[in-house]
1. Kindly indicate whether residue C:75 is more than 7 Å from chain A (Cβ to nearest Cβ), over 18 Å from the mean Cα position of the chain (by Cα) and assigned to a loop (DSSP other than H, G, I, E, B).
2. Against the condition assigned by TED's automatic domain parsing to the domain that holds residue A:34, more than 25 Å from residue A:13 (Cβ to Cβ) and surrounded by 12 or more Cβ atoms within 10 Å (Cβ to Cβ), how does residue A:143 come out, does it pass?
3. Would you confirm, using the coordinates I've provided, whether residue C:88 is at the interface with another protein chain (Cβ under 8 Å from one of its Cβ atoms) and part of a loop (DSSP other than H, G, I, E, B)?
4. Identify the single condition in (1) modelled with pLDDT of 95 or more; (2) away from chain C (no Cβ under 14 Å); (3) surrounded by fewer than 23 Cβ atoms within 10 Å (Cβ to Cβ) that residue B:186 does not satisfy, given that it satisfies every other one.
5. In the stretch A:191-235, how many are assigned to a loop (DSSP other than H, G, I, E, B), surrounded by 17 or more Cβ atoms within 10 Å (Cβ to Cβ) and free of Cβ contacts under 8 Å to residues at least 12 places away in the same chain?
6. Mind checking which residues of the stretch A:15-49 are surrounded by fewer than 21 Cβ atoms within 10 Å (Cβ to Cβ) and not in a helix (DSSP H, G or I)?
7. Only residues that are within 12 Å of chain A (Cβ to nearest Cβ) and surrounded by fewer than 19 Cβ atoms within 10 Å (Cβ to Cβ): list them for the stretch B:119-137, please.
8. Of everything in the stretch B:230-284 that's out of contact with any strand residue (DSSP E or B) (no Cβ under 9 Å at 6 or more places or on another chain), in contact (Cβ under 8 Å) with a residue 24 or more places away in the chain and within 8 Å of chain C (Cβ to nearest Cβ), which residue is surrounded by the most Cβ atoms within 10 Å (Cβ to Cβ)?
């Protein structure tokens, strides 16, 4: 359970770690859109090279990113099989008895795999180089225009930051309860359905009880320190755009423009 | 028959940026039938070490032997269930593991997992609840209705219900009031002397170590710093200094008296004994 | 002026059993008061009532002369702060810096002064070098020190500790007790500590013993420990030094009353050399 890599912050010092979270979020959005523009292999080659370059600049290890992709493997395999069974256009490449594999099916699957890999790389690049707290600040600032529509952006940001703050604590707690119940002979893998249900309950019920306890304590602690929902607060941390931030946003948007251009050219 | 650690290493999250070696070449032999205290500063590896005893953690190097069970690094250990029945592990803040609607059902949960029939499991549960001193009127109550100390007793009953031969307790008295803590320690003493259960206690409370334990193991930064019987430990200042502990009050008093020129015999560690010796000195 | 005045306070969680029943007490400005009682005696409920975290059923609470009502909670919480038992559940920020800032943000301190305040109080509790650490990288004792800094930073005059050391290891306990003593040294801070640590009680100015929601005993530590039998009946501890001195005097070695081990040893030495 302690090996979760997806979405984890890696404390290093790099150009990307020092960027403003807002510029990183905006750049990520632009790149994600760019990935979904049908540009063919040339487009993917360009984005792919840039993304891998970015990962290297961020000092993250490539195999760390690949580890983050592992959970997706089964899903991709499943997608591949469905594509092969459903898509029947293009040249016939292989045929075993009733199963015929057409070129379009393979190419479509490869497209999806490449896109997904790039998506994961881009999002990991954001989450691994941005402290959860900074991410919340960034999200809060970017959502600020919604305040006019009576969306409680501050409360949302507070909720996100508390959730992020307590994730490690709760993972530790879950680990302890899991071990405590394992010591009482709970076996999540074997046994009948009824036994499995009671095994799962033996984990969930204590987690709930403990979460409520923590929430109670936390509410008291926050109130005692003068927190009032919806009241005016002064913010300690403010974000500031630096030169690099403008560069990143501009580069990302140029890239997005380029992809759109390639796609338009291709469709002609 | 004993519990043995041979060159045991344990590393959390190996091969990641968060890798942390919690145990380093632990060599240790514990004889059965005793009450052993495992002490050491926070982060010295006490909890990690005891979780090897029922195969919740498997060594990353070395070998752990518990009676006839052998748990070796890089080898599949297949008798997990049998081992967990023999070694009962009570976690810190054990009250958080209660989840059933009634105390009886919760205590019976363990034995049922090990294949004991429902009716029989409930009989065992009743007798274990009695052992830990829960009132019979409360058996059908929900765990949520009990006080913190009572809940912890129920959790301990839940482990006793599997009739373990070795009972491992990770800071069983943390957060209890002094009286509650004392009752808890008395219970362990009783289990040890009446049911001959081997008891290992991870603790920070030196008064408890002095009053209840036979042997002490000191861990420091994932290594065994020393292993000795209680009397030797508390008779030698250099041992306590090395283990970096706060000596129990009576030992502190003894040392302070000695500094002021009044020495008390080595083996006297009770208030009555010391008072007797002091007053005898006056009569001379 | 009294820091706190509680008069005929009543509180019930379920409207059947009184968790706090007709409690009255006074805490002098600059004093160190400990509240003891076994688990479930109602002592933590008192702490929560003082902060207005629970709403009293009847009675009155005056904090620095200001009566606590539902309207002036924010003002009351500007005068009195609390450190709770569980170090994890009161760490609100994602780093030490953010956690200390949380209270300042709520009380609308000017933003350009925050850094200075945070650094001053982090220094005061010895956490300056850890300002950018996350809670997972801190020990329990360190987290409690941060909690203390967070409360001090809001410049309260009254500090309540609700079993703040009961989940800590001996090192953490010692650290926090030393810190509290240091903060209280110049008698500017009023300290109210709810505790099980009988040695801490021995060092305080006043003790309030709570049993079944009522005040059973009050007085200086020596006065309270004299009611030994009553304390034992309420499942409370007696300090080692007190027990030892009593055993000595019962065996014909009468020495002056004290709760300090050093003093007692001096007395014993004198007694022995006189003979």
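The values are calculated or read from the model by the stated rules, or taken from the named source; none is laboratory data. Keep in mind that this is a model prediction, so the values were computed, not measured. Every residue, glycine as well, gets a Cβ built from its backbone with ideal geometry; the counts of neighbours run over all protein chains shown.
1. Details: more than 7 Å from chain A (Cβ to nearest Cβ): yes; over 18 Å from the mean Cα position of the chain (by Cα): yes; assigned to a loop (DSSP other than H, G, I, E, B): no.
Answer is no for this residue.
2. Details: assigned by TED's automatic domain parsing to the domain that holds residue A:34: no; more than 25 Å from residue A:13 (Cβ to Cβ): yes; surrounded by 12 or more Cβ atoms within 10 Å (Cβ to Cβ): yes.
It is false that residue A:143 is assigned by TED's automatic domain parsing to the domain that holds residue A:34, more than 25 Å from residue A:13 (Cβ to Cβ) and surrounded by 12 or more Cβ atoms within 10 Å (Cβ to Cβ).
3. Working: at the interface with another protein chain (Cβ under 8 Å from one of its Cβ atoms): yes; part of a loop (DSSP other than H, G, I, E, B): yes.
Spelling it out, residue C:88 is indeed at the interface with another protein chain (Cβ under 8 Å from one of its Cβ atoms) and part of a loop (DSSP other than H, G, I, E, B).
4. It fails just one condition, (2).
5. Restricting attention to the stretch A:191-235, the residues satisfying the condition of being assigned to a loop (DSSP other than H, G, I, E, B) are A:191-192, A:225-235.
Of the ones still in play, those that are also surrounded by 17 or more Cβ atoms within 10 Å (Cβ to Cβ) are A:225-227, A:233.
Checking which are free of Cβ contacts under 8 Å to residues at least 12 places away in the same chain leaves us with A:225-227.
Selection size over the stretch A:191-235: 3.
6. A:36, A:37, A:38, listed by residue number.
7. Residues satisfying the conditions do not exist here.
8. It comes out as B:250.
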